[in-house]
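To start, the structure under review is shown below, and the notes come after it.
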Amino acid sequence: MSGVEDIQAGIVQASSKARESIDQIERAISDLESGLNALTSAAQGSEQEEVQRAPGMMNEAIQVISDVKRALGFSMDAVENYANRL
């Protein structure tokens, strides 16, 4: 069984990587939102069903990615709180 220090060190490492990933996800969301704005403008006036649906589908993808970011943050908060109690 791992010692307290080993557990804390593992949590610190995992948390660091997760926080880096969250930062990258935030940048990706920002880029996707910019792309969504461009796509929405480009789709205006189009009668093609695929083009009309694309902004909504892209917005759904942004929401899913945002949910992943929140879940990752919550999970890291939980394990960091655990590590602090050790």
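Values quoted throughout were computed directly from the atomic coordinates according to the rules given, and no laboratory measurement underlies them. The shown structure was predicted, so the numbers you read here are calculated from the model rather than taken from an experiment. Here the Cβ positions follow ideal geometry from the backbone for every residue, glycine too, while neighbour counts run over all protein chains shown.
One residue is enough: does region 9-27 have a residue meeting the conditions over 21 Å from the mean Cα position of the chain (by Cα) and assigned to a helix (DSSP H, G or I)? Scanning region 9-27 turns up at least one residue that is over 21 Å from the mean Cα position of the chain (by Cα) and assigned to a helix (DSSP H, G or I). Regarding region 3-17, can at least one residue be identified that is charged (D, E, K, R) and in contact with a helix residue (DSSP H, G or I) (Cβ under 7 Å, 6 or more places away or on another chain)? Within region 3-17, not a single residue is charged (D, E, K, R) and in contact with a helix residue (DSSP H, G or I) (Cβ under 7 Å, 6 or more places away or on another chain). How many residues are of a type outside the set (S, T, N, Q), exposed (fewer than 14 other Cβ atoms within 10 Å of the Cβ) and without any contact (Cβ under 8 Å) to a residue 12 or more places away in the chain if we restrict to region 47-71? So the count comes out to 11.
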